[in-house]
Amino acid sequence: ESSSSASLEGRKVTLLFYKYKDVPSPETEVLSQRSLLRSLNLTGRVLIAPEGINGAVTGGASSVEQYKEVMTRHKAFQMCDLDWKESLDGGVAEPDGEVNVRVVAEIVNSGGAFRDIANSETGAGYLSPSEWRDALQQCGEETIVIDVRNKNEYACGHFSGAVDPQTSAFADFPRWVKRKADELKEKKKIMMYCTGGVRCEKATAFVRRFVAPSTEVVHLQGGIHKFLEEFPEGGGDCGWQGRNYTFDRRGALGGANEVGTSVALEVATCSSCGQPEGHISGRATCSVCKTPVPGCRTCCDKAEDQGEECRVDFYCGDHVGWREGFKRKPAAFSSEERVAQRVELQRLLSTYAVGQKHRARRRTLRNHLETLARLDPSHLFVPGTGGQEENCQSARSEVGPGLERAKEDAT
């Protein structure tokens, strides 16, 4: 048993990893992984695809070390030290949680946007954390640093000077590259990073198709997670600022990849009150689409403690413009306030009146208008809204839950 494992015994450790390697029989590998995790009392999520493996597992330090030993000897994956990213959970190791192992089409969900990129195109252009820090300090006008993650992750924390493509999901990144192709062609060096490195494997391969062969396209090996393992303080003036958002129960991590710590400064603001916070923990989600967003502890506590009387709402970048009309708990507001909300919702609905791409938004707005109408049945008409009866009929003309959800599996 390693000395590090001995010193951490009894503590929960979360292990992140991925590998782009051809998997002949994903279904067989799922059964093997499921059995291995249960035998070691590990919990978490492991995705298996024909192109490789992507996982995040949690358990006691000794069990995590045993898992690493098995995967190092694995015929297909042959994992090595550089493939692992670890963080302390902060709790005592117990066999709780679930074991979620399944077959997927791709180990990072992109909706097939990168389906034509073969494994042979990945695994190139690595910079170690120390090489990355040095490159950041030497950046000039002919170098661009790109954050491959989505805009909510960027808001939580990012490298100083990095470009935010303003994407909502990984599937949006290729479209951004195509729009910026001419600008990218003018650069001699393109530096890219993500949470743990897996998204950059496909993203860098995609970018190389649009730039000259002489353009150096590189990415941070092991991602932000590995960088913070080596530089818990953030790497200096040109380094990391804020928190590293993870797609699991740990939420947003700071220095040394520990829950509850921060690096340099809080770059995000609470999406409810606007105060500096920089923490995406899952406690704050957009009132419209349920996407995790930054929320301060005060607002999160209020949202949880006040129940049906809660007047605290959070909004993601896509729905911040809905703040005046769309409330998570409309019953907590007065009848007069709900009238004003209905007027604002109808105004928003008119801005999405045309186009198939806005159909989900129209459905969401109409469903919420119907909710408001049920709360105030005596308000048969609100100036500019078309009236309760019309709104209810419009709402029933659409089907579905009326919620836009952003989903992405990433390490």
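Here are some notes:
- Residues of the range 140-174 satisfying the condition of being part of a strand (DSSP E or B), closer than 14 Å to residue 200 by Cα and among the hydrophobic types (A, V, I, L, M, F, W, C): 145, 146
- Complete set of residues in the range 48-70 that are touching a Lys or Arg at 6+ places or on another chain (Cβ under 9 Å) and closer than 19 Å to residue 24 by Cβ: 48, 51, 52, 53, 54, 55
- Some residue of the range 162-169 being more than 24 Å from the chain's Cα centre (by Cα), over 28 Å from residue 105 (Cα atoms) and among the small types (Gly, Ala, Ser): no
- Residues of the range 305-327 that turn out to be of a type outside the set (Val, Ile, Thr) and either under 24 Å from residue 167 (Cβ atoms) or at pLDDT 95 or above (or both), as a count: 14
- Residues in the range 36-64 that are over 10 Å from residue 99 (Cα atoms) and surrounded by fewer than 20 Cβ atoms within 10 Å (Cβ to Cβ): 36, 39, 40, 49, 50, 62.
- Filter result for the condition that a residue is modelled with pLDDT of 90 or more and more than 30 Å from residue 107 (Cβ to Cβ), over 394, 335: 335
- Test result for residue 338, closer than 21 Å to residue 307 by Cβ, of a type in the set (D, E, K, R) and open to solvent by less than 30 Å² (accessible area, probe 1.4 Å): yes
- Answer residue from the range 148-166, given it is at pLDDT 95 or above and surrounded by fewer than 22 Cβ atoms within 10 Å (Cβ to Cβ) and is farthest from residue 242 (Cα to Cα) among those: 165
- Each residue in the range 120-139 was checked for being exposed (fewer than 15 other Cβ atoms within 10 Å of the Cβ) and assigned to a loop (DSSP other than H, G, I, E, B), and 3 pass.
- Residue within the range 234-241 that is of a type outside the set (Asp, Glu), open to solvent by less than 10 Å² (accessible area, probe 1.4 Å), farther than 17 Å from residue 144 by Cα and not in a helix (DSSP H, G or I) present: yes
- Residue in the range 51-60 that is in a loop (DSSP other than H, G, I, E, B) and modelled with pLDDT of 95 or more present: yes
- Every listed requirement among (1) surrounded by 13 or more Cβ atoms within 10 Å (Cβ to Cβ); (2) touching a helix residue (DSSP H, G or I) at 6+ places or on another chain (Cβ under 9 Å) is met by residue 78 save one, (1).
- Leading residue by the ranking (modelled with the lowest pLDDT) among those in the range 95-115 that are out of contact with any helix residue (DSSP H, G or I) (no Cβ under 6 Å at 6 or more places or on another chain) and within 19 Å of residue 13 (Cβ to Cβ): 95
- Test set (1) under 22 Å from residue 364 (Cα atoms); (2) modelled with pLDDT of 85 or more - residue 302 fails condition number: (1)
- Residue that is nearest to residue 78 (Cα to Cα) [pool: residues in the range 35-50 that are assigned to a helix (DSSP H, G or I) and in contact (Cβ under 8 Å) with a residue 24 or more places away in the chain]: 36
- Residue match in the range 137-147 (condition: acidic (Asp, Glu) and over 15 Å from residue 191 (Cβ atoms)): no
- Subset tally (residues that are in contact (Cβ under 8 Å) with a residue 60 or more places away in the chain, within 18 Å of residue 167 (Cβ to Cβ) and part of a strand (DSSP E or B)) for the range 177-219: 3
- Taking the criterion of being under 16 Å from residue 136 (Cα atoms) and surrounded by 17 or more Cβ atoms within 10 Å (Cβ to Cβ), the residues of the range 167-210 that qualify are 187, 190, 191, 192, 193, 194.
- Condition broken by residue 254, with the remaining ones in (1) modelled with pLDDT of 75 or more; (2) buried (at least 21 other Cβ atoms within 10 Å of the Cβ); (3) closer than 26 Å to residue 45 by Cα satisfied: (1)
The values are calculated or read from the model by the stated rules, or taken from the named source; none is laboratory data. In this text, all values refer to a predicted model and were calculated from it rather than measured experimentally. For neighbour counting, all protein chains shown are included, and Cβ atoms are generated from backbone atoms with ideal geometry for every residue, glycine included. Each accessible area value is taken on the protein alone, full model and side chains, heavy atoms only, with ligands, DNA and RNA left out. Shrake-Rupley method; radii C 1.70, N 1.55, O 1.52, S 1.80 Å.
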